[in-house]
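These notes are about the structure you will find just below.
The values are calculated or read from the model by the stated rules, or taken from the named source; none is laboratory data. Since we're looking at a predicted model, the values are computed, not measured. When we count neighbours, we look across all protein chains shown, and the Cβ atoms used for this are built from the backbone with ideal geometry, even at glycine.
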Amino acid sequence: MPKIIPKEELDAIIEIIKGFPGPVSFGKISSSKELEGLPRRTLQRRLALLVESGRLVGTGEKKGRRYHLPEAEVALAEEKKPEPVPAIISLSPESEEIRGIISRPQSSRKPVGYQTEFLDSYQPNDSYYLSAQIRQKLSEMGKAGQTEQPAGTYIRKVLDRLLIDLSWNSSRLEGNTYSLLETQRLFELGESAEGKAAEEAQMILNHKAAIEMLVDQAEDIGFNRYTICNLHALLSDNLLPDPSACGRVRSKPVGIAGTVYYPLDVPQVIEEQFDRILEKTGAIKDAFEQAFFIMVHLPYLQPFEDVNKRVSRLAANIPLVNKNLCPLSFIDVSLKTYIDGLIGIYELNRVEYLRDVFVWAYERSCARYSAVRQSLGDPDPFRLKYRVKVGEYVAEVVHGLMDKHEATGWIAKKAAAEVPAEDKARFIEVVETELSGLHEGNIARYRLKLSEFKEWNKNWR
């Protein structure tokens, strides 16, 4: 007689998958703490049972296999787990309106397909998604005093920091669970984090390779097939079930979990729209309008089988690299907020929500990379709120002579016990960022002695 699996054990798997913003791989599911100790084959059988019973949807084969909730379950998850926009992002009334519409259960939202009029109606340098006031504001913040120098001059000066920031943040927006310190350790020592799926390390390393391409070929990159398709090939390397799909415009239908939007599925039309997007983006004169335009239309079209959002985030940096402006690395951007901004594009063809996220994200990036921090106005209220506790954590890591591996686990465990759940992820990021930037010139603010810093720094790897 077949063994009866308790409903509670199957419900636990459903709850884990509800915690991800989109389709999730077997590796990510199996690495969840709640399933620690469960044999691989046992989990595979339970996932198969959930798919067979209709409680899960499984797509793809082998390494490309992904699982997500059917529409009814997704709607239920949305109703149970509302997530407010982080207070530090100020949404316009238009964005709040969009948020209200897309926050309704999927079952009550009307399914929509790709609207060619959305792209047709945009005329480069006559139409604008970013107002003149916003473009001027971003330009003033982004100028690094090197706009007359060869393309890529500025980005090369901040490359070491950017490789980690952009790789980590862009991967985080895909649900990657590596911490900032684990990412740094992966880059510096080639050491994958324990207990994490191999594809997570692959995703981060792919970002590094793609960013290096933007820098190394700064004078040659642009909004053309060579650049965008090669970005996709680098970002999707070893992550797609069909390796030949890397760098190629798709010829098969794709779906997007968590939305009622259905992308184009006619290969010829996808090819035509892809070329039109690149043509229109290339014709835009303003660097920030270019960056935002590609972040809107590339994910909307979904020209590749997967990895479209990642391509759009890195492609947004092309005009910034070309004009020696501060890069955009999506520091502090909430996954929920970013995805909601995209859903506003997918379902409503409205850009205001994603625009607010884009502008705020660029402000944060400028604070990290340029000398225009003062243009941001008031200090970050989150860092102000946790200023004392962040200092305590940094000091304890140094006094404990922890290396990056030890510090990652210690910070996560201690924060889980002391920091509210809604602030935990951001708090951990802030502490790890402070540790990564610790040097002899700033240790006094943590009341550290030079001898203590030097002793700790010997093992900080």
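When R161, R135, R109, R99 are checked against the criterion of being surrounded by 15 or more Cβ atoms within 10 Å (Cβ to Cβ), modelled with pLDDT of 95 or more and among the charged types (D, E, K, R), R135 stands alone in meeting it.
Residues that are among the aliphatic types (A, V, I, L, M) and touching a residue at least 60 places away in the same chain (Cβ under 8 Å) were ranked within the range 422-436; the one that is farthest from F382 (Cα to Cα) is L435. Every condition in (1) at pLDDT below 95; (2) of a type in the set (A, V, I, L, M, F, W, C); (3) buried (at least 19 other Cβ atoms within 10 Å of the Cβ) holds for A315 except the one numbered (1).
Of everything in the range 248-289 that's among the small types (G, A, S) and at pLDDT 95 or above, which residue is surrounded by the fewest Cβ atoms within 10 Å (Cβ to Cβ)? Result: A283.
Could you look through the range 435-450, keep only residues that are at pLDDT below 90 and part of a helix (DSSP H, G or I), and pick out the one that is farthest from G175 (Cα to Cα)? The selected residue is L450.
Just one of (1) modelled with pLDDT of 85 or more; (2) in a loop (DSSP other than H, G, I, E, B); (3) surrounded by fewer than 18 Cβ atoms within 10 Å (Cβ to Cβ) trips up G54, so point out which. With respect to (1) modelled with pLDDT of 85 or more; (2) in a loop (DSSP other than H, G, I, E, B); (3) surrounded by fewer than 18 Cβ atoms within 10 Å (Cβ to Cβ), G54 is out only on (1).
Taking the listed residues R310, R276, the one that is under 17 Å from the mean Cα position of the chain (by Cα), in a helix (DSSP H, G or I), within 21 Å of A233 (Cα to Cα) and in contact (Cβ under 8 Å) with a residue 12 or more places away in the chain is R310, with no other qualifying.
Note on the range 416-433: residues that are out of contact with any Phe, Trp or Tyr (no Cβ under 8 Å at 6 or more places or on another chain) and part of a helix (DSSP H, G or I) total 11. The residue of the range 363-397 that is surrounded by the fewest Cβ atoms within 10 Å (Cβ to Cβ), among those that are of a type in the set (S, T, N, Q) and either part of a loop (DSSP other than H, G, I, E, B) or modelled with pLDDT of 75 or more (or both), is S370.
The number of residues in the range 191-204 that are of a type outside the set (S, T, N, Q), over 14 Å from the mean Cα position of the chain (by Cα) and part of a helix (DSSP H, G or I) comes to 3.
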